Amino acid sequence: MLVAGAGDGFDVYAGLPLALALRAAGKEVQLANLSFSDLFGLSLDAWVDHDVAATRPGTAVWGDYVPERTLARWLAVHDLPDTVYAFPLTGVQPLRAACRTLLEQLGGVDAVVPVDGGTDILMRGDEHGLGTPEEDMASLAAVSGPDEVPVRLVACLGFGVDSCHGVNHSLVLDNLAALDREGGCLGTFSLPRHSEEGRAYLDAVEHAQRGHAGPPEHRPGFRPAAVRGDFGDVRFTERTRNSELFINPLMTQYFCVDAPALAGRNLYLDRIENTALMRRTARSSRNSATISPTHGHRAHTPTDAPASHISVKPPHRARELPTLMIFTQVPHRGDVSPCVYAFSPQLPSPSAPSQYCPPRRPRPPSTRPR
């Protein structure tokens, strides 16, 4: 089996618990990643073939940002197979060819599982916000192509992570429901902190944060915070200092879907099918709102109904999705006011205050050492 990070450079870490569980079940599993690293600085002996590199604990790479080698070093410390394959950032055609080449080098596999450390891979293209879909869509298109692999799945870990990139998670749920109606949604399972896989995942992320020389914004944080049981507006790196986060237990749930079914519902994979460069994929992804006049631009619907629990307002128009909001009316905890906490879509203007969320009281100066 091949478990591969689909998008962000640390997505391969979201696939680590899956790989460990499969190995414990007696399966042979290889790890790979769509890499943000400067792979073209690798020596020739690190390349398995064109556009496929094998990173190991001692692999020399230009630059400080090398999640694949960092993970390989953690695997070596725990006496696990310590090769993490890496694909450079390319368009769909070279990436698909590289995937086929790796599968041939491995002697064939029974299943390929791209893993997204978020949920924007589930967006179909007509949503108000797509997140950061370029790499995810390239991976989805590449994997949905080689039909010689019997099982092709997509797994997502980190529901809610992409809200900072404009993703409306009520639309994510709508897309999952539509996949379920078509038989393409395969269910969910959790990553408990006290499981073997949960403990290993937290240890691997801590190892990466401790030993990785890259800048803070490249370190995984949202998902491990949720696995640890953190909740709400939690600060874990310098990158999140000026952000308002919503760490929550749903980030520890894997959502699994059939890759060909997911690709079949996507409205713009055909536009990126013949791309050779990632920037061409990115351009098509960013322009996907103009796919077809028959597909409306799914946006949020403001709701004015008071609520004290999860509330979904019916849509006003056929292509308008319900707005899922979580309201709380619990006593104040510290400086947190009762407000809409989670999966409502972003407001039309970043400066427009929410009519449902009272302004937060100023925080007292932190006593923690900086």
- Task: Of the conditions (1) at pLDDT below 85; (2) under 20 Å from Gly166 (Cα atoms), Phe255 clears all except one; give me its number.
- Result: (1)
- Note on the structure: Among residues of the range 119-138 being modelled with pLDDT under 90 and among the small types (Gly, Ala, Ser), the residue surrounded by the fewest Cβ atoms within 10 Å (Cβ to Cβ) is Gly129
- Task: Mind telling me which of the residues Glu197, Glu134 ends up being over 29 Å from Val92 (Cα atoms) and of a type in the set (Asp, Glu)?
- Result: Glu197
- Message: Looking only at the range 190-225, filter to residues that are at pLDDT below 80 and closer than 17 Å to Gly160 by Cβ; which one of those is surrounded by the fewest Cβ atoms within 10 Å (Cβ to Cβ)?
- Response: Gly221
- Task: Specify the residue that is nearest to Gln209 (Cα to Cα); the eligible residues are those in the range 1-28 that are part of a loop (DSSP other than H, G, I, E, B) and of a type in the set (A, V, I, L, M, F, W, C).
- Result: Phe10
- Residues being aromatic (Phe, Trp, Tyr) and either surrounded by fewer than 21 Cβ atoms within 10 Å (Cβ to Cβ) or part of a helix (DSSP H, G or I) (or both) - total across the range 139-189: 1
- Query: Does Thr70 satisfy being in the same structural domain as Asn33 (by TED's automatic domain parsing), crowded, with 21+ Cβ neighbours inside 10 Å and not aliphatic (A, V, I, L, M)?
  - Reply: yes
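The values are calculated or read from the model by the stated rules, or taken from the named source; none is laboratory data. Since we're looking at a predicted model, the values are computed, not measured. Quick reminder, even Gly has a Cβ in these numbers, built from the backbone with ideal geometry, and neighbours come from all protein chains shown.
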